[in-house]
Amino acid sequence: MTVATMEGRDIHVDAEGFLTDPMEWDESLAATLATNIGIDLTEGHWSAIRFARSDYAANGETPTLRRMATAGGVPTKEMFALFPKKPAKKMAYVAGLPKPVGCV
Amino acid sequence: MKRLVVLGAGTAGTMIVNKLRPMLPMQEWDITVVEPSPFHLYQPGLLFVPFGRYEASELLRPTQPLLPAGVPLITEEVERIDVGEDLVELASGQTIHYDQLVIATGTHPRLDMTPGMAGPHLGDTVHEFYTLPGAEALRQKLEHWDGGRFVVHVTEFPIKCPVAPLEFAFLADDFFKRADIRDRVEMIFATPLSGAFTKPIASERLGDMLDTRGIRLEPDFSVERIDERAMVSYDERVIPFDLLVTVPVNMGAEFVARSGLGDELNHVRVDPHNFLAEGSGNVFALGDAAALPISKAGSVAHFAVDVFVENFLDHIAGRPMGRSFDGHANCFVESGAGKALLIDFNYETEPLPGTYPLPVVGPLGLLKETRINHLGKLAFRPIYWHMLLPGRRLPVPNAMSMAGKEVPTGQPEREDVTI
């Protein structure tokens with residue numbers, strides 16, 4: 001675990017840059033994280049991020065793409081448009097959540 | 001008289017009943033099994049069917065004789081569970097009351113979940129080997145196939161036996177070499193993961209094995225639909241094929257969803273250390289039916305059942321459950337040419353290189369291709385029927401051990417560092 005400085009404060013991240021403490025996240029940090037991976041946040045991004053945050057708070061797991069589609073109402077096609085190439089990972093990164101472990 | 005109802009007589013359900021029946025007094029506990037299939041399928045054998053190594057008759061046995069005497073078997077589908085009333089409702093409308101319930105109904109390939117997969121091209125250019133009819137159809141196809149673009153594909157994780165698609169690719173490479181047509185086959189492995197496998201060190205090793213066999217990895221591929229000669233992803237990537245071997249979405253039983261117990265893939269959310277369904281005091285889920293953060297595999301069911309049986313005796317006696325499952329998994333990975341790898345891991349420890357079960361002498365090698373690993377995999381079929389299912393103790397430790405494992409010193413090389 002390492003400490004990164006973003007927006008003038010210390011943020012704890014893992015080897016790949018995912019936040020290790022979701023409580024250190026806020027909406028302005030999301031914009032910075034998004035910029036790090038070349039994404040400009042739109043309302044579509046925010047509704048995905050907000051569902052993922054609330055779902056994580058309820059279940060303790062980063063939602064999978066299937067869960068985003070069935071429980072979060074964000075179709076997989078749209079997730080790929082919002083977060084190109086690796087939507088589950090990129091969304092987790094921007095939302096300050098652990099890397100999804102849907103694959104075991 | 002109290003009643004334990006076990007739904008499913010696959011690996012987990014059969015083991016549970018065989019272990020628990022002698023431990024529970026006949027005059028106190030009735031055990032009833034519900035399993036619609038009259039035959040038990042040795043699922044690890046499916047991988048070999050397309051290459052003509054096993055016949056269907058070698059992989060099937062009647063369900064009833066695998067269960068202990070005095071355990072009634074109801075060969076019906078489950079309609080739903082009423083967890084408030086402790087009732088299992090069957091398709092016929094009959095209900096069974098339970099004091100304790102075990103859901104062990106597994107997970108199943110669902111071709112209907114991907115547009116085009118179950119269409120007119122199934123059995124022609126599109127194949128799967130996770131069912132016996134599918135594996136047999138693929139054998140017939142491969143007998144006469146003379147080359148082209150051959151794509152092995154996983155639709156979505158989790159799937160049961162997550163190494164099977166890689167094993168299939170390695171065995172296919174070997175099969176084409178033996179048939180002397182390998183130079184006419186272009187091989188591609190398409191996966192929604194960012195690498196060959198889920199865990200970094202094994203992913204790197206297995207990725208190298210794809211490379212050395214000339215099998216191209218197509219990572220981060222999430223299929224949206226399948227046409228006659230091409231797969232199309234959600235982000236509009238197209239993979240053309242002459243022959244596609246896909247692993248469909250795996251889902252738990254529909255009654256799990258109807259009973260309000262499932263996640264979005266109908267796997268039962270449970271405590272990963274004691275298998276109690278979320279919010280329940282008398283409903284357990286084991287084996288592939290459970291949403292555990294570990295591979296869906298027979299070995300996991302085996303190690304989990306050992307923990308469950310001891311805990312269950314505590315539980316019905318009103319004591320706290322004394323044991324905690326560590327997520328132990330142990331899988332042979334066929335690599336072709338009469339060799340195999342072995343991986344051994346759990347919730348906390350990813351597959352590491354080394355030897356198993358003893359340090360240095362092994363005799364099995366971890367994450368290494370060896371002949372003896374392959375012989376171990378083949379030897380497992382009689383062990384499954386004669387030792388594992390009847391509930392006899394196997395000479396391997398139940399909890400994962402670090403003995404023999406080589407723990408990496410720095411950070412492992414990861415394929416997916418860049419998001």
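The values are calculated or read from the model by the stated rules, or taken from the named source; none is laboratory data. All values derive from a computational prediction rather than experimental measurement. A quick note on method: Cβ atoms are made from the backbone with ideal geometry, for glycine too, and the neighbour counts reach across all protein chains shown.
Results for (1) under 30 Å from B:Gly262 (Cα atoms); (2) in a helix (DSSP H, G or I); (3) free of Cβ contacts under 8 Å to residues at least 40 places away in the same chain, shown as yes or no for each residue.
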| site | (1), (2), (3) |
| --- | --- |
| A:Gly17 | no, no, no |
| A:Leu33 | no, yes, no |
| A:Trp46 | yes, yes, yes |
| A:Asp55 | yes, yes, yes |
| A:Gly72 | yes, no, yes |
| A:Glu78 | yes, yes, yes |
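All but one of (1) facing another protein chain (nearest Cβ under 7 Å); (2) farther than 15 Å from A:Thr35 by Cα; (3) crowded, with 20+ Cβ neighbours inside 10 Å hold for A:Lys90, so report the exception by its number.
It is condition (2) that A:Lys90 fails.
Between a residue in region B:36-57 that is closer than 12 Å to B:Phe129 by Cα and modelled with pLDDT of 95 or more and any residue that is among the aliphatic types (A, V, I, L, M) and outside any helix (DSSP H, G or I), which pairs come within a Cβ distance under 7 Å, given they are 6 or more apart or on different chains?
Between residues of region B:36-57 that are closer than 12 Å to B:Phe129 by Cα and modelled with pLDDT of 95 or more and residues that are among the aliphatic types (A, V, I, L, M) and outside any helix (DSSP H, G or I), the close pairs are B:Gly45/B:Leu59.
Would you mind telling me which numbered condition in (1) touching a Cys at 6+ places or on another chain (Cβ under 6 Å); (2) free of Cβ contacts under 8 Å to residues at least 60 places away in the same chain B:Ile188 fails?
(1)
Among (1) closer than 22 Å to B:Arg184 by Cα; (2) more than 13 Å from chain A (Cβ to nearest Cβ), there is one condition B:Pro248 misses while meeting the rest; what is its number?
(1)
Kindly check whether there is at least one residue in region B:315-333 that is β-branched (Val, Ile, Thr), modelled with pLDDT of 95 or more, buried (at least 19 other Cβ atoms within 10 Å of the Cβ) and assigned to a strand (DSSP E or B).
yes
Pick from B:Glu204, B:Glu186, B:Glu143: which is surrounded by fewer than 22 Cβ atoms within 10 Å (Cβ to Cβ), away from chain A (no Cβ under 14 Å) and either aromatic (Phe, Trp, Tyr) or assigned to a strand (DSSP E or B) (or both)?
Numbers: B:Glu204 fails: either aromatic (Phe, Trp, Tyr) or assigned to a strand (DSSP E or B) (or both); B:Glu143 fails: either aromatic (Phe, Trp, Tyr) or assigned to a strand (DSSP E or B) (or both).
Result: B:Glu186 is the single residue among B:Glu204, B:Glu186, B:Glu143 that is surrounded by fewer than 22 Cβ atoms within 10 Å (Cβ to Cβ), away from chain A (no Cβ under 14 Å) and either aromatic (Phe, Trp, Tyr) or assigned to a strand (DSSP E or B) (or both).
Are any residues in region A:13-47 within 14 Å of another protein chain (Cβ to nearest Cβ) and over 20 Å from A:Met79 (Cα atoms), and if so, which ones?
A:Val13, A:Asp14, A:Ala15, A:Glu16, A:Gly17, A:Leu19
Would you check if B:Ser401 is more than 23 Å from B:Gln43 (Cα to Cα) and at pLDDT below 95? Outline the logic, then answer.
Details: more than 23 Å from B:Gln43 (Cα to Cα): yes; at pLDDT below 95: yes.
Yes, satisfied.
When the residues of region B:146-163 are narrowed to those that are among the hydrophobic types (A, V, I, L, M, F, W, C) and more than 14 Å from every other protein chain (Cβ to nearest Cβ), which ends up surrounded by the most Cβ atoms within 10 Å (Cβ to Cβ)?
Step by step, filter region B:146-163, then rank; the result is B:Val152.
When both residues are 6+ apart or on different chains and their Cβ atoms are under 7 Å apart, which pairs have a first residue that lies in region B:226-248 and is crowded, with 23+ Cβ neighbours inside 10 Å, and a second that is among the charged types (D, E, K, R)?
B:Phe241/B:Arg149; B:Phe241/B:Arg229; B:Thr246/B:Glu128; B:Val247/B:Glu128; B:Pro248/B:Arg110; B:Pro248/B:Glu128
Out of the residues in region A:34-84 meeting the condition of being charged (D, E, K, R) and in contact with an Asp or Glu (Cβ under 6 Å, 6 or more places away or on another chain), tell me which one is surrounded by the most Cβ atoms within 10 Å (Cβ to Cβ).
It comes out as A:Arg67.
Results for (1) of a type in the set (A, V, I, L, M); (2) assigned to a helix (DSSP H, G or I); (3) at negative phi, shown as yes or no for each residue.
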residue: B:Gly84; (1), (2), (3): no, no, yes
residue: B:Gly93; (1), (2), (3): no, no, no
residue: B:Asp124; (1), (2), (3): no, no, yes
residue: B:Ala135; (1), (2), (3): yes, yes, yes
residue: B:Val151; (1), (2), (3): yes, no, yes
residue: B:Ala169; (1), (2), (3): yes, yes, yes
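Can you name the residue in region B:95-107 that is touching a helix residue (DSSP H, G or I) at 6+ places or on another chain (Cβ under 8 Å) and part of a strand (DSSP E or B) and, of all such residues, is surrounded by the most Cβ atoms within 10 Å (Cβ to Cβ)?
Result: B:Ile103.
Just name the residue that is surrounded by the fewest Cβ atoms within 10 Å (Cβ to Cβ) out of those in region B:65-94 that are in contact (Cβ under 8 Å) with a residue 12 or more places away in the chain and within 22 Å of B:Met387 (Cβ to Cβ).
Checked region B:65-94; the qualifying residue surrounded by the fewest Cβ atoms within 10 Å (Cβ to Cβ) is B:Gly70.
Mind telling me which of the residues B:Glu278, B:Glu236, B:Glu224 ends up being over 21 Å from the mean Cα position of the chain (by Cα), within 14 Å of chain A (Cβ to nearest Cβ) and on the phi > 0 side of the Ramachandran plot?
Exactly one of B:Glu278, B:Glu236, B:Glu224 is over 21 Å from the mean Cα position of the chain (by Cα), within 14 Å of chain A (Cβ to nearest Cβ) and on the phi > 0 side of the Ramachandran plot, namely B:Glu236.
Over 26 Å from B:Ala291 (Cβ atoms) and outside any loop (DSSP other than H, G, I, E, B), is that true of B:Thr355?
In short, yes.
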